[in-house]
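As C-alpha cells, the structure follows; a few thoughts come after it.
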Amino acid sequence: MKIGQKLLIAFGYVGLATAQNPIVTANGIVNVASFALAGQPNGAIAQGSMVVIFGANMGPATLQQAGAYPLPTTLGGTSVKVTSAGASTDAIMIYTSAGQLAAIIPSNSTAGAATLTVTYNGRASAAAPFKIVPNSFGIFAANQGGSGPGIITNGSSQVVSLTNAVSPGDVAVIWGTGLGAVRGNEAAGPLPGDLSSLPVEVTVGGQSATVSYRGRSGCCAGVDQIAFTVPNVTGCRVPVTLKINDVVSNSTSMAISQAGTKTCSDPGGPSAADLQRFSTNGASIARIALTRTSVLVTTNPFPITITTDVASATFFKYSAAQLNSSRNPFNTMNAGACSVVALSGISAIPQTYAESFPEDPIVPLALDAGTSIVVKGAGAAVSLFKGRDSYHPIGSAPYYSGNLFFGTLPGYLEPGTVTISGTGGKDIGAFQATVDVPAILKWTNMDSVLTVDRAAGQLVTWTGGDPAGTVKISGTSLTSLGGVNSAGATFTCTAKTSDGQFMISPAILLSLPVNSSNANIVGFQYGRLQVGNNTPLKSFTASGVDFATTFASLDAERLVDYK
C-alpha cells in the first residue's frame, strides 16, 4: 500500500449518522496534516490542500473512502461546497463519515475569507467560515496530531525512525499538504512537478537544508513532497519545520544518525544498543524534573517576583511503535535547535512545569512507583504524592508532583545536591537519585525585552549557569486563556551555556500568534518569555525501569507582548 493511502486511511473515523442537518464544528476545518486552528498563524487553508472537517451528521455511519481516480465531488451522499469572493466551487472528496470527512480545497478557489457548506442526503449545514490563502503547509506526523516525528522518508521511501535514521548528506522527503495551487484537473489524479519558484525554506535542527524538490507527490492528489539534503546535525528528535514567506508549518522531528549507522543517539539519551532493544520490546521510562521558576510580574506601583519550586516524577511504559511516534519520550534536545507545539482549548492554559507542553496524543501505560516520593534539598524538603496534576497531565501515567511558593524563604532547589527517594510500588522498585543544582544563570537582557517582534527575531543573552548544562529559552503566546476556541503556541530552544546568547529566529516566532493581552492573573499570562539553565540528564536505576533520568531547570520568566 502506498504511503499516501496509509496517511489518508489513518485519519478515518466512524461516526453516527442521524436524520438531522449536518453540523460543522466551530474551528473544525483544519489542515489534515498540521491540525492548526484558525487562531494560529498557520491555521488558514491553502489553495489545493487537503483538509479534514469535524462535525456531526455529515455522512454515513460507516466510513466511505474514494477508491479510485477520478475523485468524486459527491461521496456516500456527502458533498462540500466552498464559497469565496462570491464564487462557489465543489471540494474534491477523499472520505466521509458522520463525524469527520476529508476533502481537497480546489486550487481555483479564490484566496480570502471563505465559507464551507456540507450537504448530506439533501440536508445542508450552516455555512462555516474559514480563510483561504496561497500557501500554508502542514507536515504529516506519526502521532496523527501534527507534532512529534514527522512522516519523513529516506531515499528508499522508508519512513525514518529511531533505528532507521538518515545521516547528514542523505536526501530525505517530507510528506504534507498545503504548498499551494497547481494547474490541471486535481480530481483526475496526482499532478507532480517542481514548484521551483515557491520560496520554500526547510530548517532541520536549527540549520537550513537545501531543497531539491517542492511539489505534489506522484501518489496522491492534494499530497505534497519536499525533498531536501540532510544538514550536518544528529539526534533522535531533531526539529523540522518548513517556511513559505511568513507562514511556518507545524513543528515535527526526525531521527538523524552518524554516517555508518542507522540508529540515532543523543547526549544523555539511551545508547544505540538500548534503542535497538527498545525498538523491539518497548521501554519503561522514569523521569524526574526539578524546576525553579522566578516570574517577574509588572504590577503597579512596584514590580514583584514570584518564585516557585516544582518537583515532578513520571513513570510509564511505551510500546516499540509508540517510541517512534511519541513527541519526545526520552526528553532529549538538540543544542542550537528549537521546537514548537501548538496549544488549543484547555491546553492553551500556560504550563508551569519543566516539560511545559500539552498532552501528547500518544498515551503510554502507567507504572506505579508507590504512594509518595521525597525530594530533599539544601533549603527544604517536599513529598510528592501519587495522582494526576490538572495542569500537566502526561497520558494516564501516575504523576507525582509538589510545589513550594516562597518569597524570602529557601526552597529545595538551592545550589547543591538534591536527593530524590522512593520506596517503590507494584511496578517500580525502591530508588534514590540525585541532582546537582548549579548557581542560577542570569538573564542579562531581561529588562529590555518587553515586546518581541516575531518577524525580526529576538536575541537573549546570559551569564553564569552550569557550564556542563544547556540553556533553555522558551515562550508562549495565546489568543485567550483556556476557552474552547483559544489558540496559541509554545516554543522551546536549547543552546550551550558557553554560547552566552541565542537568537530566536523569525521562523520560530512566526509560529506564535500575536497575543491578545499582556494581562497577568495569578501566574497565567497571554504572552511570556523564559530563559533558564538545564542541568545535563543524570541517570539512576530502579527495578522495572529501562531508562531513568533526573534533571533540574532554573528559569527566569517575564511577561512580553508578541507582535
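Miscellaneous remarks
- Evaluation of Ser257 against (1) open to solvent by 10 Å² or more (accessible area, probe 1.4 Å); (2) over 21 Å from the mean Cα position of the chain (by Cα); (3) of a type in the set (Ser, Thr, Tyr) (one fails), failing number: (1)
- Residue selected from region 282-304 under the condition open to solvent by less than 60 Å² (accessible area, probe 1.4 Å) and part of a loop (DSSP other than H, G, I, E, B), by the criterion modelled with the lowest pLDDT: Thr299
- Residue in region 260-281 that is least open to solvent (accessible area, probe 1.4 Å), counting only those that are closer than 22 Å to Asn154 by Cβ, of a type in the set (Gly, Ala, Ser) and assigned to a loop (DSSP other than H, G, I, E, B): Gly269
- For region 123-221, the strands (runs of 3 or more DSSP E) that sit wholly inside it and include 1 or more residues that are under 19 Å from Pro239 (Cβ atoms) are 171-177, 200-204, 207-216.
- Within region 53-73, residues that are open to solvent by less than 40 Å² (accessible area, probe 1.4 Å) reach partners that are of a type in the set (Phe, Trp, Tyr) with beta carbons closer than 6 Å, at six or more positions or on different chains, in the pairs Met58/Tyr120; Gly59/Tyr120.
- Scanning region 175-197 for residues that are surrounded by 19 or more Cβ atoms within 10 Å (Cβ to Cβ), more than 15 Å from Val247 (Cβ to Cβ) and either touching a Phe, Trp or Tyr at 6+ places or on another chain (Cβ under 7 Å) or among the polar types (S, T, N, Q) (or both) turns up just one, Trp175.
- Any hit, region 210-222, residues being within 22 Å of Met503 (Cβ to Cβ) and either at pLDDT 95 or above or surrounded by fewer than 22 Cβ atoms within 10 Å (Cβ to Cβ) (or both): yes
- With respect to the stated conditions, Thr549 is buried (at least 17 other Cβ atoms within 10 Å of the Cβ), among the hydroxyl-bearing types (Ser, Thr, Tyr) and modelled with pLDDT of 95 or more.
- Scan of region 106-130 for residues that are crowded, with 17+ Cβ neighbours inside 10 Å and either without any contact (Cβ under 8 Å) to a residue 40 or more places away in the chain or under 18 Å from Ala26 (Cα atoms) (or both), ordered by number: Ala114, Leu116, Thr117, Val118, Thr119, Ser125, Ala128, Phe130
The values are calculated or read from the model by the stated rules, or taken from the named source; none is laboratory data. Computed from a prediction, not measured in an experiment: that's the story for all the values here. For neighbour counting, all protein chains shown are included, and Cβ atoms are generated from backbone atoms with ideal geometry for every residue, glycine included. All accessible areas refer to the heavy atoms of the entire protein, side chains included, with ligands and DNA or RNA removed. Shrake-Rupley method; radii C 1.70, N 1.55, O 1.52, S 1.80 Å.
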